[in-house]
Amino acid sequence: MIDSETIKRVFTYRRDKADILFLAILVIFVFLTIHKPPLTENISFSQTVYDRNGKLLRSTLSSDDKYRVWTPLSEISPYLIRATILKEDRCFKWHPGFNPMGLIRAFWQTYVTKSRRTGGSTITMQLARLRFGINTRTIPGKLKQILKAVQMEFHYSKKIILEAYLNLVPYGWNVEGAGAASLIYFHKNPHQLNLLESLSLAVIPQDPSAILPLTRKDEDKTAQNNLNQTGHSHPNIFINTRFTEARNRLFHTWTKHYPQDGKLSPYLDLPLETFTPSELPFSAPHFVEDILKTSSLEKIKTTLDIGYQHLLERHTQNYVTRCSHLGITNAAALLANASTMEVLACLGSADYFNDSIQGQVNGTTAKRSPGSLLKPFIYGKAIEKGLIHPKTMLKDTPLSFGAFNPENFEQDFAGPIKAQEALVRSRNVPAVWLASQIGSESLYEFLKQAEVSHLKKPAFYGMAGLVLGGIELTMEELAALYAMLARGGKLYPLRKQLCDPPAKGIPLLSQEASFLTLEMLKENPPPKPEFFSHWVKNSIPVAWKTGTSYAFRDAWAIGIFGDFVLAVWVGHFDGSGNPAFVGRRAAGPLLFELIDSLKTKGIPESLYYDNKTLNLTEVEVCALSGHLPGPYCPRTIRTWFIPGTSPITTCDIHRPVFIHPETGLRVPPHYRGESFKKIYEFWPSDLLDLFKRAGIPRKTPPPFDPRYDPGFRSQPGIPPKITSPRKTLTYTIRAGQASSDSIAFQAVADADAENLYWFVNESFLGKCPVSQPLFWNPEPGRFVIRVIDDRGRSDSTSLVVSVVR
């Protein structure tokens, strides 16, 4: 018989066992629910940079030196997903993290029959081993792996677990994840993989060090043979027996589940074309490095077009090679879409890997002197302020601004020149004069508003520093400024990533001024065919400008054509000069060669806005003076005109003169004897002097007949204009040396004036021919300087003289 003590012990044992079981269940429940295991958190992934069409430009290494590219499951080929499940874990969709039958089968094969060592791990268990570094070769390690797998299944969906697995599973070498494996082995994005490529990748994780399309020894050899000088790689053809057998076995398993794919079996006998990690693309290195400095995104989609990039690289490198005898060894170029401001191609140097030219310096972001590239904006501001229109006559004559006397690049003077021609020929004197008329700080404020970086104080640049290139800008800043002309006068920043939001434009010029500036630049003829004539065979209208920096350090050319803006630079990064570095001769031919090559890919429709929507009209102006035609102008031409803004001065160059029939000399209009009227050109004295020196005859009026000379009686015409001394300057003399210091008095007079009479504070100083200065030894004080020509016309200015001790 069972006594009561025995029954008590039995119930106590069962209660203790139940408590232990309950406690175990509670511990497992707490373990599963409270602690959520991380999947991909705190895992470092590579940064991948793509062009606008999804072509890989570069993939970086992760912080632990792995190629590991995060790829959402939706962007992985369904073939690879199904092949991976078929190879690794056919019951993945149903098990709770581990497969009991698989573990029993693995135990039997490993420890009982010892036929082969297998782990019986599910995809979830493999992920646990990868994620937490578990040693699964021991029974405690295997149990921990199972618990972690169950824990993952409790917290995450199958989709998330599979996504994490396909991003962390090793694929040989230092390649982890399907995204990196696809990019490295096939140079494809993972969603582009076909069935055979997917099967090839699916067999590698089983034994990544052995089942590879290529061994490390072979990889080094083929990489050396296949990488060419341009950085592009050729596919390798591999026949790896173990790899091929594993892939073929998986294919036959696949066809049992998807028999419709059996027709692909003949393709198994074809060689497999793959690439190696050393053959990853390394495209547009300067552009990509700039992107990586500013973006922390793992997947970066840029605005670059690899087709345009290769085109710029190929033609620029060929150009540099052809022109090496001129000392041209380096160049940079930037292509952007003016309507979207997207950078389409960026070449920072002619050869990134050439240390002799400092090839890794990025010429598109380096600060360089622009030479004359800022002149179009001076003309644009002058048009906007109503100082000129394209056919306004400007004076290219010797000009003084105190101690500053601007000269042209050719060290000559062209005399009267139309604004359009002065801009196209990049004449310095007219540009400096226009800059003085629109305000000494107007161009500075223009650049400041354009957010040009590292601007110094206005005084640093002096009177003409900004006009003549005494400032440094980057190619990106210059390209954006020129694109502004094509955007109706609004400045927008360049965009390098497709995710960059559209920016709000900064208005810098009126639409009309921008349009007319472009129209003027379109008249700039292509460079002379000094290299190869076919470079300039181009019917596309190009609005372009060149620049040459001081001491021939930089040669520039920037053009707007169709919807593109293209900037080109030729020079040395070390700042050394070369007489060949002249914008029109060194950079211009390269610009037009690139434009010509871009035609093969198609030029987008021109962005030049319809002038019918602008406040513009075409008017007749005097062909010689550019002013509205007077009654005696013999020939007129048409030009654009901004009503209410453009200058409306009537031409006064052509004037009627009464001539005595016998002497051929001039007589006054009130002469009552016999005379006839004839039209002559009345040029200012400085221009007439220039014509005489150049040997260019002009139809100037004859002198007055002495018998009828009106003398000082005031006559119609242009009054003299004092050019020296300048009203805005204070002149200084040294104490005790006043007698040796002198100030030149000079003025520009009308064509019929011969002599000038100078007065200081109403005291007569002296007389001089109109073409010569008169010198005065000053005293300290304030003075009024007056000049009268021999036709009674006058001008005056104030003068301040101080003493320096």
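The values are calculated or read from the model by the stated rules, or taken from the named source; none is laboratory data. All values derive from a computational prediction rather than experimental measurement. For neighbour counting, all protein chains shown are included, and Cβ atoms are generated from backbone atoms with ideal geometry for every residue, glycine included. In case anyone asks, the SASA skips ligands and DNA or RNA and just uses the protein heavy atoms, side chains included. Shrake-Rupley method; radii C 1.70, N 1.55, O 1.52, S 1.80 Å.
In the structure shown, the pairs K699/K721; K148/K188; K367/K448; K293/K545 are assessed against 25 Å; a Cα-Cα span above that value is assigned to K148/K188; K293/K545.
How would L494, L478 rank on accessible area, largest to smallest, probe 1.4 Å?
L494, L478
Under the convention that each Lys and Arg Cβ holds +1 and each Asp and Glu Cβ holds -1, the size of the dipole of the range 311-371 around its Cα centre is about 180 debye. What a 1.4 Å probe finds exposed on the range 310-397 is 49% carbon and sulfur by accessible area, rounded to a whole percent. Each residue of the range 633-638 is assigned a 3J(HN,Hα), and the resulting list reads 5, x, 9, 10, 9, 9 Hz, derived from the Karplus form 6.51 cos²θ - 1.76 cosθ + 1.60 (θ = phi - 60°), x at Gly and Pro.
Once each part is reduced to its C-alpha centroid, what is the distance from the range 151-177 to the range 309-363 in angstrom? So the separation of the two Cα centres works out to 42 Å. Straight-line cross-link reach from K144 at under 22 Å between alpha-carbon atoms covers these lysines, not counting any fewer than eight positions away in the same chain: K36, K93, K158.
Just the number please: accessible area per residue for the range 564-710, 1.4 Å probe, all protein chains included, in Å².
Per residue, the range 564-710 has an accessible area of 48 Å².
Our coupling estimate for the range 619-631, obtained by passing each phi through the Karplus curve with A = 6.51, B = -1.76, C = 1.60 and θ = phi - 60°, is 10, 8, 10, 4, 5, 8, 9, x, 8, 4, x, x, x Hz, Gly and Pro reported as x. The label-point distance for N318 and Q772, in a model that sets each label 7 Å from Cα toward Cβ, rounds to 6.2 nm. Here the range 720-781 exposes an accessible surface that is 47 percent carbon and sulfur, computed with a 1.4 Å probe and the other protein chains kept in place.
Carbon and sulfur: what percent of the range 587-712's accessible surface (1.4 Å probe)? Carbon and sulfur: 52 percent of the exposed surface of the range 587-712.
For the listed residue pairs K87/K256; K395/K692; K55/K299; K301/K599; K375/K504, the alpha carbons are over 22 angstrom apart in K301/K599; K375/K504. The residue list F676, C622, P706 was ranked by how far each Cα lies along the charge dipole of the range 573-732 toward its positive end, using unit charges on Cβ atoms, and P706 comes out on top.
Sequence-ordered 3J(HN,Hα) estimates for the range 741-754 from the Karplus curve with 6.51, -1.76 and 1.60 and θ = phi - 60° stand at 8, 9, 10, 7, 9, 8, 8, 9, 10, 6, 5, 8, 8, 10 Hz, glycine and proline given as x.
Modelled this way, with points 7 Å down the Cα-to-C-beta line, the labels at D355 and L61 are 2.0 nm from one another.
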